[in-house]
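J.: Below are the structure tokens for one structure; questions will follow.
The values are calculated or read from the model by the stated rules, or taken from the named source; none is laboratory data. What you are looking at is a predicted structure, and each value in this text was computed from that prediction instead of being measured. With ideal geometry, Cβ positions are generated from the backbone for all residues, glycine too; neighbour counts draw on all protein chains shown.
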Amino acid sequence: MAFPLQIRALSAFYGRKQSLYRVQMDIAEKSVTAVIGPSGCGKSTFIRCINRMNDLVPTFRIEGTLLYHGVDIYQSDVTDIRRRIGMVFQKPNPFPKSIHENVAYGLRIHGVKNKKEIDQTVETSLKKAALWEEVKDRLSQSALSLSGGQQQRLCIARALAVEPEMLLLDEPTSAIDPIATARIEELLRELKKNYTIVMVTHNMQQAARVSDTTGFFLMGELVETGPTSQMFTNPSDQRTEDYITGRFG
Amino acid sequence: MSSSGDLPKPRLDPMHAKTLRRHILPRLKDRLFAMVGLSATLLSLLVLAVLFMDVLGDGLSRLNWQFITSYPSRKPDQAGILAAWVGTGWLMGLTGLIALPIAIAAALYMEEYAKKNILTDFIEITVANLAGVPSIIYGLLGLGLFVRWMNLGRSLLAGAMTLSLLVIPAVILSSREALRAVPNSIREASYAMGASQWQTVRYQVFPAATPGILTGIILAMSRAIGETAPLMAIGALTYVGFLPGRGLFSRFPINFDCLLEPFSTLPIQIFNWVSRPQKAFSVNAAAGILVLFLITFMMNGMAVYLRYRHQKRSRWS
Amino acid sequence: MLNRAAHRKRFLQRVYEGLIERALFGCALFSVLITGGVLSVLLFETLGFFKEVSLIAFLTDTQWTPLFFEKHFGILPLLSGTFLVTAIALSVALPIGLVSAIYISEYASDPIRIFVKPTLEILAAVPTIVYGYFALTVVTPQLQRFIPSLSGFNALSPGIVMGIMIVPIIASLSEDALHAVPIGLREGGYALGATRLQVVLRVVLPAAISGVVASFILGVSRAVGETMIVTIAAGLQPRLTLNPLVPIETATAYIAQVSMGDTPHGTLAYRTIFAVGTSLFLLTFVLNIMGFLLRKRFRNLYE
């Protein structure tokens, strides 16, 4: 399917406060879609609608539909959705367990019991996240002993272990140093060959470096979306141009 | 350094009344308070030391193998704490078995599952109040409910159930704190991978909170060991010439009759001796107190050590 | 997308987890059950008590002699005993506790703090029967050297010892309250040239006052409910007095006294312990609620 995720007239509310206004967007497969915009514009809310993490907030509700492979996300089993659409958070949040256990956790909760299978998948995922070489000799050490950049790659490996089709990244490198950031960006360029990726970032240069499509949010509205190269050189909407040229934000 | 006029020097004449009041007196008061504060804080330490030395002086001589392995007696030099500490052990074991599962389950619910509504607020206030109820009131409840209404008599089981009522609120409070200390990012990461709520609680939150929960349990149990009042209220006997828990395995597979028999505990035995006028019994009491101290401090030490190790290990990055 | 088997498995899992949640909820309700149990037992026997003794007599008679031949059922002597011991205890505990708390929170260097906090915890961990023993065998004789008219059982000695027992409660709760006051407030004071003491007394303490008062109230509640120290050292003679040098009896000690004896169940004498128990429960309940609400308000202010 060329556009596995289709968002139709999505509005989001925290109690009475509206956070997103009729967002309409199609996410293309096996590519990186960047979501940019100033603070508080609703980027995080938007991305957390996709894997229903906002369900954890008691006062949250949506209007509109999100269709994943043609099926309404909000009518499907949420644990299944979250397995198929993985998430990596802004601040790396590995579990306070061993490196091996972090990656294996997803498999265990989805019922995989075979030890060999688990070990194999752990290795594969860590390789896909470009972390295997650095940790292969210390899989039983605590994940908290890794550096920030390594922890984030571990979180990526952890998400990959359950074989998702899509990855959601919420400002994945804003808490990481520049060198580690570069490695993760390189990793993303590699991953997009096989996964559909949606990435929130406040760093426009990063969006320009990594993404194929970009969407610009302002105050809960999706102002404009298009191929990244076009968005950054010749945007259609004046507001987009103002943001990109730094007139605000 | 600019040469164009330095700032005029302030007039700080120590003998000048204004200087004294504005600059010197406040600083003096501050210093004075520091000393007073240190003394106040050390006063507690001093009292503790005096207390301990006194008990040590009175009781150490009596502490010997015979003391630990004898039953109580009318003759002070023959009396011992055997039935008492065995009773304490049995009582604690039973209490733990009854109280801990209920308390931890309640804490898990309150912290992870409860929605914000009137019922949960009510439960929260109830638990907070129960933690402050005088322990002897629990004894009255035990007397009326377990000893009389349920006809358990003045038995080990009634005692354990009564002490459980005391232990449950305290363990709920400390367990909730331990659960609260687990960062939310762990829960989020777990949910984002498709885990259900119970999977998240069971495989991530609870293991992460275990050291804290354990610390709270040890502290609550060590307080319960020293409890006298509620057991007195339900009528725990002070002369017990047999071992509590005897005959547990006399029938196949387990004979629970022993749970319905009277019992004694270390604090109760100590109290009994303290109430006697003869000086020799006072010596026995002191020796018993030393044993009680040993148990209590060992448990508290374990809890502190656990807490220390947990704080060192969990750098939540 | 989803086949039948996976559907069923997930359904079963959800049922299973629903049951777990319900079981956990049941355990949470248990605490309500306990409170209910306490109340019903107390009330049941207390109502039986008040069938034979008028409420007015209970609250106003100045003698408490339910076990003697001539029976009086005025609770005032017991309450005055409780009050006397509590007042002595808090007059010891409040200054020492609060000053210690201020010192630990604002003055103490790290090595001192690391040394002192466990000491306070140890103080709180001492079983109360040990304090009772201490009051009877050490404090009373020593006090008698300075106050010859002090009788062997009195209110002063257990009061002082109880004060020491309560110091950790007041100290640690007050220290938490002081510690929670944001640094920004303190810095404002220092920037104006105030000394540390001035900042503490005029900025930090007022800001933390609800937490400190909460600690005080909870200390009172603890003192009111304490049994062993007074049973051992204060005596078993109910007396309506404010004289700390004579034997008295507190409400808690009375309950202990009767339970130790052979009072048969179902008699009026038996019921007296429940009447006294109900009074105690009401008193500590009010105190605990006040303390709880104050602490909650304090936490909401600064967290």
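J.: Please determine, by comparing only the residues of segment A:97-124 that are of a type in the set (Lys, Arg) and part of a helix (DSSP H, G or I), which one is surrounded by the most Cβ atoms within 10 Å (Cβ to Cβ).
T.: A:ARG108
Listed here are the residues, each with its yes/no results for (1) part of a helix (DSSP H, G or I); (2) surrounded by fewer than 18 Cβ atoms within 10 Å (Cβ to Cβ); (3) modelled with pLDDT under 90.
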residue: C:ASP262; (1), (2), (3): no, yes, yes
residue: C:GLY266; (1), (2), (3): no, yes, yes
residue: C:ARG271; (1), (2), (3): yes, no, yes
residue: C:ALA275; (1), (2), (3): yes, no, no
residue: C:THR278; (1), (2), (3): yes, no, no
residue: C:PHE281; (1), (2), (3): yes, no, no
residue: C:VAL286; (1), (2), (3): yes, yes, no
residue: C:ARG295; (1), (2), (3): yes, no, yes
residue: C:LEU301; (1), (2), (3): yes, yes, yes
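J.: Within segment A:91-100, does at least one residue satisfy the condition of being of a type in the set (A, V, I, L, M) and within 8 Å of chain B (Cβ to nearest Cβ)?
T.: no
J.: Looking only at segment C:1-47, which residues are farther than 25 Å from B:LEU166 by Cβ and either among the aromatic types (Phe, Trp, Tyr) or modelled with pLDDT of 90 or more (or both)?
T.: Residues satisfying the conditions are C:PHE11, C:VAL15, C:TYR16, C:GLU17, C:GLY18, C:LEU19, C:ILE20, C:GLU21, C:ARG22, C:LEU47.
J.: For C:PRO206, state whether it is away from chain B (no Cβ under 14 Å), in contact with a strand residue (DSSP E or B) (Cβ under 9 Å, 6 or more places away or on another chain) and closer than 29 Å to C:ASN288 by Cβ.
T.: The answer is no for C:PRO206.
J.: Give B:ARG202, B:ARG187, B:ARG148 a once-over and let me know the one that is more than 11 Å from chain C (Cβ to nearest Cβ), assigned to a helix (DSSP H, G or I) and without any contact (Cβ under 8 Å) to a residue 24 or more places away in the chain.
T.: Being more than 11 Å from chain C (Cβ to nearest Cβ), assigned to a helix (DSSP H, G or I) and without any contact (Cβ under 8 Å) to a residue 24 or more places away in the chain holds for just one of B:ARG202, B:ARG187, B:ARG148, which is B:ARG187.
J.: I would also like to ask the following. Could you please find all residues in segment C:242-260 being surrounded by fewer than 22 Cβ atoms within 10 Å (Cβ to Cβ) and in a loop (DSSP other than H, G, I, E, B)?
T.: Within segment C:242-260, C:LEU242, C:ASN243, C:PRO244, C:LEU245, C:VAL246, C:PRO247 qualify.
J.: Shifting gears a bit: Strands (runs of 3 or more DSSP E) wholly in segment A:1-91 with at least 1 residues that are out of contact with any strand residue (DSSP E or B) (no Cβ under 7 Å at 6 or more places or on another chain) - which ones?
T.: Per the criteria, A:17-27.
J.: Quick one: is C:ILE96 touching a Lys or Arg at 6+ places or on another chain (Cβ under 8 Å), more than 27 Å from C:VAL276 (Cβ to Cβ), buried (at least 21 other Cβ atoms within 10 Å of the Cβ) and of a type in the set (A, V, I, L, M, F, W, C)?
T.: No.
J.: Against the condition over 29 Å from A:GLY111 (Cβ atoms), facing chain C (nearest Cβ under 7 Å), in a helix (DSSP H, G or I) and basic (Lys, Arg), how does B:ARG176 come out, does it pass?
T.: So B:ARG176 fails the test.
J.: Which one of C:ILE147, C:ILE88, C:ILE122 is within 12 Å of chain B (Cβ to nearest Cβ), β-branched (Val, Ile, Thr) and out of contact with any Cys (no Cβ under 6 Å at 6 or more places or on another chain)?
T.: The match here is C:ILE122.
J.: Related question: Hey, could you check segment B:86-118 for residues that are of a type in the set (Gly, Ala, Ser) and closer than 20 Å to C:GLY18 by Cβ and say which is surrounded by the fewest Cβ atoms within 10 Å (Cβ to Cβ)?
T.: B:ALA114
J.: Out of B:MET193, B:MET110, which single residue is at pLDDT below 95, within 8 Å of another protein chain (Cβ to nearest Cβ) and in contact with a Phe, Trp or Tyr (Cβ under 8 Å, 6 or more places away or on another chain)?
T.: B:MET193
J.: Please name all residue pairs, on different chains or six or more residues apart, with Cβ atoms under 9 Å, provided the first residue is in segment B:112-128 and is more than 17 Å from C:GLY291 (Cα to Cα) and the second residue is loosely packed, with under 13 Cβ neighbours inside 10 Å and not aliphatic (A, V, I, L, M).
T.: That search, which allows pairs on different chains as well, returns B:LYS115/A:PRO58; B:LYS116/A:PRO58.
J.: Within segment A:161-192, which residues are closer than 26 Å to A:GLU117 by Cα, part of a helix (DSSP H, G or I) and charged (D, E, K, R)?
T.: Matches in segment A:161-192: A:GLU190 only.
J.: Examine segment B:72-85 for a residue that is within 9 Å of chain C (Cβ to nearest Cβ), touching a residue at least 24 places away in the same chain (Cβ under 8 Å), crowded, with 23+ Cβ neighbours inside 10 Å and out of contact with any Leu (no Cβ under 6 Å at 6 or more places or on another chain), and state whether such a residue exists.
T.: Scanning segment B:72-85, I find no residue that is within 9 Å of chain C (Cβ to nearest Cβ), touching a residue at least 24 places away in the same chain (Cβ under 8 Å), crowded, with 23+ Cβ neighbours inside 10 Å and out of contact with any Leu (no Cβ under 6 Å at 6 or more places or on another chain), so the answer is no.
J.: Could you check segment C:1-103 for helices (runs of 4 or more DSSP H) lying wholly inside it with 2 or more residues that are within 30 Å of C:ASP176 (Cα to Cα) and in contact (Cβ under 8 Å) with a residue 12 or more places away in the chain?
T.: So the answer is C:76-102.
J.: Further question: Can you name the residue in segment A:185-224 that is within 22 Å of A:ILE85 (Cα to Cα) and acidic (Asp, Glu) and, of all such residues, is nearest to the chain's Cα centre (by Cα)?
T.: A:GLU185
J.: For segment C:223-241, enumerate the residues that are out of contact with any strand residue (DSSP E or B) (no Cβ under 9 Å at 6 or more places or on another chain) and surrounded by 24 or more Cβ atoms within 10 Å (Cβ to Cβ).
T.: Of everything in segment C:223-241, those that are out of contact with any strand residue (DSSP E or B) (no Cβ under 9 Å at 6 or more places or on another chain) and surrounded by 24 or more Cβ atoms within 10 Å (Cβ to Cβ) turn out to be C:ALA223, C:GLY225, C:GLU226, C:THR227, C:MET228, C:ILE229, C:VAL230, C:THR231, C:ILE232, C:ALA233, C:ALA234.
J.: Cβ-Cβ distance below 8 Å, separation of 6 or more or different chains: which pairs start in segment B:220-231 with a residue that is more than 7 Å from chain C (Cβ to nearest Cβ) and of a type in the set (Asp, Glu) and end on one that is part of a helix (DSSP H, G or I) and crowded, with 24+ Cβ neighbours inside 10 Å?
T.: These pairs meet every condition: B:GLU227/B:SER135; B:GLU227/B:LEU163; B:GLU227/B:LEU166; B:GLU227/B:PRO267.
J.: Report the residue count in segment B:41-65 for those that are surrounded by fewer than 13 Cβ atoms within 10 Å (Cβ to Cβ) and of a type outside the set (A, V, I, L, M).
T.: The qualifying residues number 4.
J.: Using the structure shown, decide if C:SER174 is in contact with a Gly (Cβ under 7 Å, 6 or more places away or on another chain), more than 30 Å from B:GLY139 (Cβ to Cβ) and among the polar types (S, T, N, Q).
T.: Considered against the rule, which asks whether it is in contact with a Gly (Cβ under 7 Å, 6 or more places away or on another chain), more than 30 Å from B:GLY139 (Cβ to Cβ) and among the polar types (S, T, N, Q), C:SER174 comes out as yes.
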